[in-house]
Amino acid sequence: MLDVLLRIQRTGRVSEPLPAPEGERRERADLQDRVRAALGRALCIRHVDAGSCNGCELEIHALSNPYYNLEGAGIRFVASPRHADLLLVTGPVSVNMEEALRRTYDATPDPKLVVAVGDCGACGGIFGQSYASCGGVSQVLPVDVTVPGCPPTPTALLRGILAAVRLLPSGVPPRSTPPGGTSPAHE
Amino acid sequence: MLASLQSYPSSAFPSNVRASGLSVDERGWLRAAAAIREGGGTLLALWGSDDRDRDRRFRVHAAYLLADELLVVEHALPEGEQSFPDLASLFPCAARLQRAVADLLGIRAHGGDARGWFRHGGWPEKVFPLRRDAEGEARYPSTSAPYRYLSVAGDGVHEIAVGPVHAGTIEPGGFRFSVVGEKVLRLEERLAYTHKGVDRRFEKLGQSAGHRLAARVSGDSCVAFSWAYCAALEAMTGAEAPARAVALRALALERERLANHLGDLGALGNDAGFAFGLAQFSRLKEELLRFNDDAFGARYPFDLVVPGGVAVDLPAAVGPALAHELEALELGVRELRSIYDEHTGLQDRFRGAGWLDPGLARTLGAVGLVGRASGIGRDLRVDLPWAPYDRLGARLWVREGGDVAARVQLRFDEALESMRLCRALLDALPPGPTRVPVPPAAAGHRGIGAIEGWRGPVLVALEAGPEGSLRRGHAHDPSWQNWPVLEFAILGNIVPDFPLINKSFNLSYSGPDG
């Protein structure tokens, strides 16, 4: 146990500030405020691999490492689309995943955001359109934000997620509020 | 070459490793497989081709790993024939490979499993996308086709259906568990959800762009696949990548192995309830990726390996920085290894879980890391070393345990060995150019590239068409072999141990889905 504690102490804190979106200063606290104002709680992301080569998944994983510390910014990954505000979709949509992707989208409650990740998510990438590939995510779902890159860096992914957060209508009542009730987070 | 096959015409096969080719008839297809099985060989890949435009025949091809060479066996089906002998009784992993060939080309193994593998209903049953007369770019209306899993009957047996969308940041696939209480009686996988038509796409891209597609067959093995592609093309054309380029390719390949092993070691700790392991190893991995960015211009160097060499040279100042980084990394890994080894709660979960008996591993034809953790001492870097491994002397690591603990230990062993290889490469990095021009391969020329990626042997087989085009391209991921093995390793374990056991295999979906 002591060696574990010593290692933790020696490693220290390595989390870095969030990247600023183009032409705008936004620190971790501002982002948290924005998410709280819009949702009254953490932003919940459901990742869907719709046919990716798994390269984008490696960088999505990196978002949770101590350097990018996504959870520290009030954003977390959830296991069910029913718990999600945002779908992070990778891959050209393979023909074999088209139905599963649509069903995942349908299972996600409104209002929902879709972020298409990677060159493949943006336009089908090197796989293009074929008997097996539908092409980019927008061929199947309405897409709010696109994050190009092959694979996009964690910083690019964070910027894309932040851009999507800005599309959230501020003052959506949190899910726990009954219809017609007012939210304490309402601006 | 095996003595019993000497009646068939054979020749040297262009490759980065010692390889020969053999042409056989229908009887020879089985005889060769039986002789290879008898001699302890392994089936590495199996694919088909439509050559009806040339000689009115379909062909099946198989690549085997023998003791001292790679053997590519080719069988031209008799004219008008659309079936070939089933190899699954000799090499169980052939069953799914043959189903894949049937979906793409409409040629079947006699009496094999008739269920589709790649085709889930996304294109019509009578359309075979790899046939020369098929329109590869066409899209078809999707019809949902039911799939018959094999069911287990008995008192109290029930099924758990998982996927294709899984509960984490993971690739999609279908798992059907038959369980009694929490004990797994049977697992059946249904994959190919991420089938993207890679083989057909090679034909569209041509020789000079195919390496970019190869790198995206399985992104976590981008260096291995792009190197295998370039190795095949270079062998076909006689082009030779300069010494500096092959050293940098090996540096990138070993760093790819390191990045994946570090990620897995963290995730394995996490899946056994030790979040500290994930935090520590993901930090080490992130630092490795940042140094990759300095060295190769990308955290994941998808487009580093190009025909004739590498796309970018290592900046002069980065070499010493990498050596320094490796020192710190090795200290970190050794410290974490001793923490893992001495953590009784962690070892309790690792030991005995997902046990793959070495004898069964041989019968099933397990390859790569999973095979080596069950006593199968095969590694292309050691058995059939190509440049620069011929002078590097990679050390073979084997564990006999066959459980999650053995697969964890092997990752530690191999990570430390990769650091040693990286240091050796950096210490003696040859000067000179990093790329030579590669002329187009002449139509009809064939070649095969074989690279030991972090999971196991990665293969790319190519046949040139006219004017720099590709007539046929085929990429093979070692997960093809090891997915069916996982179905056995889980037997008798409890459902809650599946994530841990699955992670200890960490197989690719996209790679075998193609």
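We did not get these values from a lab; they are worked out from the coordinates using the rules stated. Worth saying up front: this structure is predicted, and the values here are computed from it rather than measured. Note that each Cβ is placed from the backbone with ideal geometry, even for glycine, and that neighbours are counted across all protein chains shown.
Between region A:90-142 and region B:282-341, what is the C-alpha centre distance in whole Å?
32 Å
Pairs of Cα atoms under 8 Å, at least six residues apart: use those to get the relative contact order of chain B, whole percent.
18 percent
Name the aspartates and glutamates eligible as straight-distance cross-link partners of residue B:183: C-alpha to C-alpha under 16 Å, and not fewer than 8 places from it in the same chain.
The reachable aspartates and glutamates, counting only those whose Cα sits under 16 Å from residue B:183, are B:155, B:159, B:487, B:497.
Can you give the average number of partner chain beta-carbon atoms within 10 Å of each beta-carbon in peptide A:66-73, as a whole number?
On the way: counts 6, 6, 2, 0, 0, 0, 0, 0.
Mean number of neighbouring Cβ atoms from other chains: 2.
Please work out the C-alpha center-to-center distance from region B:399-428 to region B:63-101 and express it in whole Å.
The two parts, judged by their Cα centres, are 32 Å apart.
I'd like to know which of B:28, B:128, B:47 lies farthest towards the positive end of the charge dipole of region B:1-146, counting +1 on Cβ of Lys and Arg and -1 on Cβ of Asp and Glu.
Among B:28, B:128, B:47, the one farthest towards the positive end of the dipole of region B:1-146 is B:128.
Take every DSSP beta bridge with both residues inside the protein assembly as shown and express the antiparallel ones as a percent of the total, to the nearest 5.
65 percent
Just need the relative contact order of region B:58-126 here, percent rounded to a whole number, with Cα pairs under 8 Å and 6+ apart. It would help to have the intermediate numbers written out before the result.
On the way: 85 pairs, mean separation 15.9, N = 69.
That works out to 23 percent.
Quote the charge dipole size of region A:18-167 about the Cα centre in Debye, to the nearest 20; the model charges only the Cβ of Lys and Arg (+1) and of Asp and Glu (-1). Walk me through the numbers on the way to the answer.
Values: 14 positive and 16 negative charges, 79 e Å.
Value, rounded to 20: 380 debye.
Residue by residue, what Karplus-based ³J(HN,Hα) values in Hz, rounded to whole numbers, does region B:42-51 have, using 6.51, -1.76 and 1.60 with θ = phi - 60° and x for Gly and Pro?
3J(HN,Hα) across region B:42-51, in whole Hz: 10, 7, 9, 7, 9, 8, x, 8, 9, 10.
Compute the distance from the alpha-carbon center of region B:112-143 to that of region B:254-271, in whole Å.
What the calculation gives is 36 Å, centre to centre.
Can you return the lysines within cross-link range of residue B:204? Criterion is Cα-Cα under 21 Å, with same-chain partners fewer than 8 residues away left out.
Filter leaves B:196.
Among DSSP beta bridges whose residues both lie in region B:3-109, state the antiparallel percentage, nearest 5.
Taking every DSSP beta bridge with both residues in region B:3-109, the antiparallel ones total about 70 percent.
How do B:445, B:120 rank when sorted from fewest to most other Cβ atoms within 10 Å of their own Cβ?
B:445, B:120
With an 8 Å cut-off on Cα pairs and a minimum separation of 6 or more residues, tell me the relative contact order of region B:97-217 in percent.
Once divided by the residue count of region B:97-217, the mean separation gives 17 percent.
Starting from the Cα gyration tensor of region A:38-139, take the square roots of the eigenvalues, sort them a ≥ b ≥ c, and report rounded, prolate or oblate (rounded when a/c is under 1.5, otherwise prolate if a/b is larger than b/c, else oblate).
oblate
Tell me what chain B gives for mean residue ellipticity at 222 nm when only DSSP H runs of n ≥ 4 count, each as -39,500 (n - 2.57), the sum divided by the residue total, rounded to 500 deg cm²/dmol.
Roughly -12500 deg cm²/dmol at 222 nm, from the helical runs in chain B.
Considering only DSSP states other than H, G, I, E and B, which chymotrypsin sites (Phe, Trp or Tyr not before Pro) in region B:434-503 qualify as loop sites with at most 10 other Cβ atoms within 10 Å?
When the chymotrypsin sites (Phe, Trp or Tyr not before Pro) of region B:434-503 are filtered for loop state and at most 10 Cβ neighbours within 10 Å, nothing remains.
Other chains' Cβ within 10 Å of B:338-344 residues: what's the mean?
On the way: counts 1, 5, 0, 0, 3, 3, 0.
Across B:338-344, the average partner-chain Cβ count within 10 Å equals 2.
Using amide H atoms built 1.01 Å from N in the peptide plane, name the residues 5+ places from residue B:21, or on other chains, whose amide H lies under 5 Å from its own.
Under 5 Å from the amide H of residue B:21 lie the amide H atoms of B:11, B:12, B:13, B:72, each far enough along the sequence or on another chain.
Over all residues in B:128-141, what is the mean tally of Cβ atoms on other chains that come within 10 Å of each residue's Cβ?
Mean partner-chain Cβ count within 10 Å for B:128-141: 2.
Under a 5 Å amide H to amide H cut-off, with H placed in plane at 1.01 Å, what residues pair with residue B:190 once short-range neighbours are removed?
Amide H neighbours of residue B:190: B:174, B:175, B:176.
Across region A:138-154, in residue order, what do the Karplus-derived ³J(HN,Hα) couplings come to in whole Hz, using 6.51 cos²θ - 1.76 cosθ + 1.60 with θ = phi - 60° and x for Gly and Pro?
5, 5, 10, 10, x, 10, 8, 9, 10, 10, x, x, 9, x, x, 6, x
List every residue whose amide H lies under 5 Å from the amide H of residue A:48, counting only residues 5 or more places away in sequence or on a different chain, with H placed 1.01 Å from N in the peptide plane.
The answer is A:88, A:89, A:90.
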